[in-house]
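J.: Just passing along the structure, written as structure tokens.
The values are calculated or read from the model by the stated rules, or taken from the named source; none is laboratory data. In this text, all values refer to a predicted model and were calculated from it rather than measured experimentally. Cβ atoms come from the backbone with ideal geometry, glycine included; neighbour counts cover every protein chain shown. SASA here: full protein model, heavy atoms, side chains in, ligands and nucleic acids out. Shrake-Rupley method; radii C 1.70, N 1.55, O 1.52, S 1.80 Å.
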Amino acid sequence: MNQLLILSRDADKYASLIGQAGLRHIELSALQKIPETSLSLSKFNIALGEPDLVRKVLPDLRALQWAQST
């Protein structure tokens, strides 16, 4: 199963649009800011977000296969 990280001030909007697409085999987490807690970023293989936010977490995205900026 693909793990999608949405990291954007508009994360809820993107999550809603992706949810409406009815994609199977994808689990997503939508965040409006970089997590300060124990959320493990290493599980995400897809990242969608604002370049300045995604850039800061790139070293923690160990399973990353695809990144897309908004």
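J.: Just to be sure before I move on: is residue 56 at negative phi and assigned to a helix (DSSP H, G or I) in the structure I sent?
T.: Answer is yes for this residue.
J.: Would you pick out the residues in region 6-30 that are in contact with a helix residue (DSSP H, G or I) (Cβ under 7 Å, 6 or more places away or on another chain), of a type in the set (A, V, I, L, M) and either under 15 Å from residue 67 (Cβ atoms) or surrounded by fewer than 13 Cβ atoms within 10 Å (Cβ to Cβ) (or both)?
T.: 6, 7, 28
J.: Additional query: Go through (1) surrounded by 13 or more Cβ atoms within 10 Å (Cβ to Cβ); (2) at pLDDT 95 or above and name the single condition residue 35 misses.
T.: (2)
J.: With 31, 17 as the choices, which residue is in contact with a Leu (Cβ under 7 Å, 6 or more places away or on another chain) and of a type outside the set (Val, Ile, Thr)?
T.: Exactly one of 31, 17 is in contact with a Leu (Cβ under 7 Å, 6 or more places away or on another chain) and of a type outside the set (Val, Ile, Thr), namely 31.
J.: Mind listing whichever residues of region 19-40 are over 15 Å from residue 2 (Cβ atoms) and either in a helix (DSSP H, G or I) or basic (Lys, Arg) (or both)?
T.: Answer for region 19-40, where residues must be over 15 Å from residue 2 (Cβ atoms) and either in a helix (DSSP H, G or I) or basic (Lys, Arg) (or both): 20, 33.
J.: I need the full set of residues from region 4-18 which are in a helix (DSSP H, G or I) and either of a type outside the set (Lys, Arg) or touching a residue at least 24 places away in the same chain (Cβ under 8 Å) (or both), in order please.
T.: Residues satisfying the conditions are 11, 12, 14, 15, 16, 17, 18.
J.: For region 62-69, indicate whether the set of residues that are in a helix (DSSP H, G or I) and either in contact (Cβ under 8 Å) with a residue 40 or more places away in the chain or open to solvent by less than 60 Å² (accessible area, probe 1.4 Å) (or both) is non-empty.
T.: no
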